[in-house]
Amino acid sequence: MFLVETIAQAWQSIRSHKLRTGLTMFGVIWGIASFIILVGLGKSTLKLFSREFEKVGKRMLVMWAGQSSSGLSGIKGGRQIRFTIDDVEAIKAHCPHVELVSPQIYTGYQETKYENEVLSSETFGLDVNSGVIRNLDVAKGRFINADDIALNRRVCVLGANVKEKLFGERESVGEFIRMSGIRFQVVGVLQHKGDQLSRVSGSIDDDQISIPYTTAQALFTGSKYFGMIYLQPRSLFDDKTVREEVRQTLALRHSFEPDDADALHFFGIAEMIGRVKGVAMGMEIFFGAASIITLLIGGIGVMNIMFVSINERVREIGIMKAVGAKSRHVFLQFIVESVFVTFLAGLIGVLIGCSICLLIGLFNLPRFVAAPVIDPFVMLIAFLTITLVGILSGILPALRASRMQVVEALRYY
Amino acid sequence: MSSIDQYVVALRGVTKVYGSSDVEVHALRGISVGIHMGEFVSIVGPSGSGKTTLMDIIGCLSRPTSGEYYLGGKDVSRLNDDALAEIRNNEIGFVFQTFNLIPRLTALQNVELPLVYAGVPARERFRRAQELLESVGLAERIHHKPSALSGGEVQRVAVARALVNRPSLILADEPTGNLDSTSEAEIIALLKDLHDKGNTIIIVTHNPSVAGQAQRTISLKDGHVVSDLSKAPS
């Protein structure tokens, strides 16, 4: 109940010095608003880039074959390692943290033709699982299936742009196209993905054509060997474990040391997101710290104005004490006033910060700029910081006020 | 002095020394005074006689350097600051020469202030403050700030504030010092009326006409009581 009185009095004291209080509050308002905007920007940037990277496959882990640097059990080092489908089967059998695995056979750019339209499209020989691993979602028709693989069928799945360029608005599923003169039946069209920050090769997924890997081997590469295997760990956190399991499995089959860094190369989404996370977190910490420092300087402004206010109100403190205010009443009075000013400023800062976040979202932003997100956790931190700054700014002035001697304060002119 | 219990205010050998050991100022040099319940006492003396210091001690605003002070039978001469604040809150009503109202607060809020520290609920505070402001003739002005009131009105608000906690002692320090003669008469009449209602009043003044209103006059000089005269009841 005393607190209610105190807050009412604090409000009156603030109202009687509007300009002065307003100017003091500016530092805190600025600090909190920039904290919310900048940290929000860091968070939205991370989200944006994570989403961008996940386009290529949300847990995709690419492995390509290198050269063994040392030999094992009498076999010389320096050999080029080449994968076969047996390696894929071995990984399926022996690597429990691998959820999905598929070969990927690069067949290069093929001249693609439908009626009078001619294109040069990057083509990949894929397996049944590849669609899931690489986030290739079918919009129409179907993806490559087990029968296609088993029978070396001449079927293809078109990227959205390929379909658009060859067929326009016309139906494509069921139609036949020619790739380097060979007839392929279109069995499916992929969903439109748009531009990609991360790609499996030079072209974006929308510009590619997928065919069964067995068909690719039979018609284009003429070899049972291939250079890349695509994996999907059970979770992003399994990335490291999967690499270890796969190394162990293949080391045995290809006679290289399991810790041979040159034999197998990996690159995965977890790694990319990890890097972006590092950058984004660095950004967040830097921006956050910068705005917290602004906030602290704002707090020093509040402390200063509290001292001024107390020096102006020595008589008042004397009166308060003469009619029965104890030290803690006086202390509380000024702490509340300080917290009140800071909190009010913080509230305005939060409102301004959030409005600016929302306002930025209304604009058409450049491709890799995301509107700052308003994060509840950031809000919580902001309010805790404001309260802390208010208390810290008030402690010294309030202590001075509460320690004044009543007789001296009463007769202060 | 037989027993301290029969006095509202009982001082025994009270001294007050200001300053450090090098530069000592002896403001009070052994004051022993007893004031009964319901008395109207004036304390007079020239500047530097120690009357303000004595008033500070009686009002529990400061502690004696030595000697004892019993207020309502309780030794308050060694209490700490917060305990003294509580005594001031419960037992003493102050009326100051410079009024000492808080300028930001309305008349009503100023009168309520002691009750805020006493923890009285808002409704009860309002009722008591309003009643007292009415009784000092300010019913129409309870929501005015001190700056919108005349000197006499401000001092009447101060009197209302002094009464709001139902003190056992009202201490007035030169209460008419800043007032014109009309307002002075009003305030004196108000204090006499309070005395008639049974309140104990101590008034510190160097104005002989104000001092003459009291039943009893204690004169100080150089920190000593030089005379303590009571009027025969008229």
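Please compute how much accessible surface disappears when B pairs with A, both sides summed, using a 1.4 Å probe, and round it to the nearest 100 Å².
In total, chains B and A hide about 2400 Å² from solvent.
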Take the Cβ-Cβ distance between A:Glu244 and A:Ser120 as r, set R0 to 30 Å, and report the resulting FRET efficiency rounded to the nearest 0.05.
0.15
Rounded, prolate or oblate: pick one for region A:104-229, where a ≥ b ≥ c are the square roots of the eigenvalues of its C-alpha gyration tensor, a/c under 1.5 means rounded, and failing that, prolate if a/b is larger than b/c, else oblate.
rounded
Surface/4 of the Cα convex hull for chain B, nm²
13.3
Using a cut-off of under 18 Å, list every residue of region B:163-184 whose amide N is near the label point 7 Å from the Cα of B:Gln97 along the Cα-to-beta-carbon line.
B:171-181, B:183-184
When the Karplus curve 6.51 cos²θ - 1.76 cosθ + 1.60 is applied with θ = phi - 60°, which whole-Hz ³J(HN,Hα) does each residue of region B:111-117 get, with x for Gly and Pro?
5, 6, 3, x, 6, 4, 6
Which one of B:Glu91, B:Glu131, B:Glu112 has the biggest mean-square fluctuation once chain B is modelled by GNM with Cα springs under 10 Å?
B:Glu131
Residue pairs, from the table B:Lys145/B:Lys197; A:Lys92/A:Lys163; A:Lys18/A:Lys326; A:Lys326/B:Lys192; A:Lys55/A:Lys165, whose Cα atoms sit over 27 Å apart:
B:Lys145/B:Lys197; A:Lys92/A:Lys163; A:Lys18/A:Lys326; A:Lys326/B:Lys192
Partners for A:Lys321 among aspartates and glutamates (Cα-Cα distance below 18 Å; same-chain residues under 8 apart left out)
A:Glu5, A:Glu312, A:Glu337, A:Glu408, B:Asp56, B:Asp81, B:Asp82, B:Glu86, B:Glu91, B:Glu112, B:Asp173
Which FRET efficiency, nearest 0.05, do A:Lys140 and A:Arg178 yield, Cβ-Cβ r, R0 25 Å?
0.75
How big is the charge dipole of region A:104-229 about its Cα centre, in debye rounded to the nearest 20, if each Lys and Arg gets +1 on its Cβ and each Asp and Glu gets -1 on its Cβ?
320
Step through the residues of region B:197-213 one at a time and calculate ³J(HN,Hα) from phi using the Karplus curve (6.51 cos²θ - 1.76 cosθ + 1.60, θ = phi - 60°), rounding each to whole Hz and writing x for Gly and Pro.
7, x, 6, 8, 10, 10, 10, 9, 7, 10, 8, x, 5, 6, 4, x, 6
Magnitude of the Cβ-charge dipole (Lys and Arg +1, Asp and Glu -1) of the protein assembly as shown about the Cα centre, nearest 20 debye, reported as 120
Could you tell me what percent of the accessible area of the protein assembly as shown is made up of carbon and sulfur, with a 1.4 Å probe and every protein chain present?
58
Normalised convex hull volume, the protein assembly as shown, alpha-carbon set, Å³ per residue:
249
Among region A:3-39, those whose backbone N falls under 12 Å of a label point 7 Å along Cα→Cβ from A:Val308 are A:17-26
What does the average come to when, for each residue of peptide B:50-61, you count the partner chain Cβ atoms lying within 10 Å of its Cβ?
2
Summing +1 for each Lys or Arg and -1 for each Asp or Glu, what net charge is found among the other residues whose Cβ lies under 10 Å from the Cβ of A:Val173?
+1
Once fully extended, how much extra length lies between B:Tyr18 and B:Ser209, figured as 0.36 nm per residue of separation less the alpha-carbon to alpha-carbon distance?
65.6 nm
Kindly provide the trypsin sites (Lys or Arg not before Pro) of region A:1-38 that DSSP labels as loop, not H, G, I, E or B, and whose Cβ sees at most 14 other Cβ atoms within 10 Å.
none
Bridge type composition, chain B - antiparallel percent by DSSP, nearest 5
60
Note on region A:77-150: alpha-carbon gyration tensor, axes a ≥ b ≥ c; rule is a/c under 1.5 for rounded, else prolate if a/b larger than b/c, else oblate; result oblate
Highest-first arrangement of A:331-338, B:28-35, where packing means the average Cβ count within 10 Å:
A:331-338, B:28-35
What is the packing order of peptides A:105-111, A:242-248, taking the mean over residues of other C-beta atoms within 10 Å and listing the highest first?
A:242-248, A:105-111
Computed magnitude of the charge dipole of chain B (debye, nearest 20; Cβ of K, R +1, Cβ of D, E -1):
240
Simple spin-label estimate for B:Glu86/A:Arg79, 7 Å along Cα→Cβ, in nm, reads 9.3
For region B:109-209, what does the relative contact order come out to in percent, with C-alpha contacts under 8 Å and a separation of six or more?
29
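Please report the relative contact order for region A:104-229, taking Cα pairs under 8 Å with a sequence separation of at least 6, and give it as a percent rounded to a whole number.
Values: 263 pairs, mean separation 44.5, N = 126.
Averaging sequence separation for qualifying contacts and normalising by length gives 35 percent for region A:104-229.
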Interchain or long-range residues, amide H under 5 Å from B:His36's placed H
B:Val8
Once you have the Cα-Cα distance between B:Thr182 and B:Ala139, take 0.36 nm times their residue separation minus that, and quote the gain in nm to one decimal.
13.5 nm
Run the numbers on chain A and let me know its relative contact order in percent, using alpha-carbon pairs under 8 Å that are six or more apart.
29
Simple spin-label model, 7 Å along Cα-to-Cβ: A:Val4 to A:Ile395 in nm?
3.1
Compute accessible area for region B:116-136 by itself and then with all protein chains, 1.4 Å probe, and report residues whose area falls by 40 Å² or more.
B:Val116, B:Tyr117, B:Arg125
Given the whole protein assembly as supplied and a 1.4 Å probe, what does the accessible area of A:Arg411 come to in Å², nearest 10?
80
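The values are calculated or read from the model by the stated rules, or taken from the named source; none is laboratory data. In this text, all values refer to a predicted model and were calculated from it rather than measured experimentally. Note: ideal-geometry Cβ built from the backbone for every residue, glycine included; neighbour counts use all protein chains shown. Quick note on the areas: whole protein, heavy atoms, side chains included, nothing else; ligands and nucleic acids left out. Shrake-Rupley method; radii C 1.70, N 1.55, O 1.52, S 1.80 Å.
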